[in-house]
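The values are calculated or read from the model by the stated rules, or taken from the named source; none is laboratory data. All figures in this text were calculated on a predicted structure; none of them were measured in a lab. Counting neighbours? That spans all protein chains shown, and the Cβs are built from the backbone with ideal geometry, glycine included. Note: accessible area is taken over every heavy atom of the protein model, side chains too, but ligands, DNA and RNA are not part of it. Shrake-Rupley method; radii C 1.70, N 1.55, O 1.52, S 1.80 Å.
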2 protein chains.
Amino acid sequence: MNDTFKALADGTRRQIIQLLKEKDMTAGEIAEHFNISKPSISHHLNLLKRAEIVIDERKGQFIYYSLNTTVFQDLVGWFLQFKDGTKGGEEK
Amino acid sequence: MNDTFKALADGTRRQIIQLLKEKDMTAGEIAEHFNISKPSISHHLNLLKRAEIVIDERKGQFIYYSLNTTVFQDLVGWFLQFKDGTKGGEEK
DNA sequence: TAGACGTTTAGAAAATCTTCTAAATAAAGT
DNA sequence: ACTTTATTTAGAAGATTTTCTAAACGTCTA
């Protein structure tokens, strides 16, 4: 869970996620959308991978990245625990 | 949004949120739950405040902190945008 | 108004994160 | 085998974050 939140804490990484929502992309294709060196993008992708937010698959020369949305389910669950908390004692 | 994700990226802050889910607490009361100095806790509370995740209200000598769950609504919305994305072209 | 208590502000040290350049790895084509 | 293209790994510089101690602020009570 900590890796997940850490991964989401960076704007570039969130933008990457948005890109991958549209379609799977290669590392280079992703990098083209940013003003950042390829190694930096590679590093961000690595963090997203460790957080299991993205999955990578090599296809010959290219490595394709895609979103693993199941993690978001857990996240939504985490946030939903705060819904309507009646502050401990549960009234009456 | 960035402040929000940044605020959630720290384990101590997430624990504070969990505490406040149970009941409103003073800064000192919160600090008792951690092995961290009060100024550090104060700093974390400040970040949570700027992210509008918590609200503070002075009551005489004490300052009470409480959760503002409306922000979590937005967060859930953010995550839900990834639900079942048919990858751009929409099937067919 | 002096003292005590709860909390924050200031400023600095230490840890972590982001980014870079240079070099390595991997697959494909010639 | 060598070259080209796609991407990652290594190592370091710079920026941001976390934490600390010391000092200040705000409120209450004697």
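Things to note:
- Bridgeable lysines around residue B:83 (alpha carbons under 25 Å apart, same-chain partners fewer than 8 residues away excluded): A:6, A:21, A:23, A:49, A:83, B:6, B:92.
- Solvent-accessible area assigned to carbon and sulfur over the protein assembly as shown amounts to 47 percent, based on a 1.4 Å probe.
- Accessible area that becomes buried as B packs against A, both chains, 1.4 Å probe, Å², nearest 100: 2500 Å²
- Environment charge at residue A:11 (Cβ cut-off 15 Å; Lys +1, Arg +1, Asp -1, Glu -1): +2
- When nucleic acids and ligands are ignored and a 1.4 Å probe is applied, residue A:66 ends up with an accessible area of around 30 Å².
- Overall form of the range B:2-72 per C-alpha gyration tensor (a/c, 1.5; a/b vs b/c): oblate
- GNM flexibility winner over chain B from B:80, B:45, B:19 (Cα, springs under 10 Å): B:80
- GNM flexibility winner over chain B from B:50, B:13, B:58 (Cα, springs under 10 Å): B:58
- The range B:65-81 and the range A:1-73 have Cα centres separated by 23 Å.
- Anisotropy class of the protein assembly as shown from Cα gyration tensor, a/c 1.5 cut: prolate
- Solvent accessible area, Å² - residue B:25, 1.4 Å probe, full protein context: 10 Å²
- Accessible area per residue, Å², the range B:2-72 with all protein chains present, probe 1.4 Å: 55 Å²
- Nearest to the axis that brings chain A onto chain B is this chain A residue, judged by its Cβ, with the distance in whole Å: A:9, 2.
- Kyte-Doolittle at least 1.0, axis length at least 30 Å by Cα - qualifying DSSP helices, chain B: none
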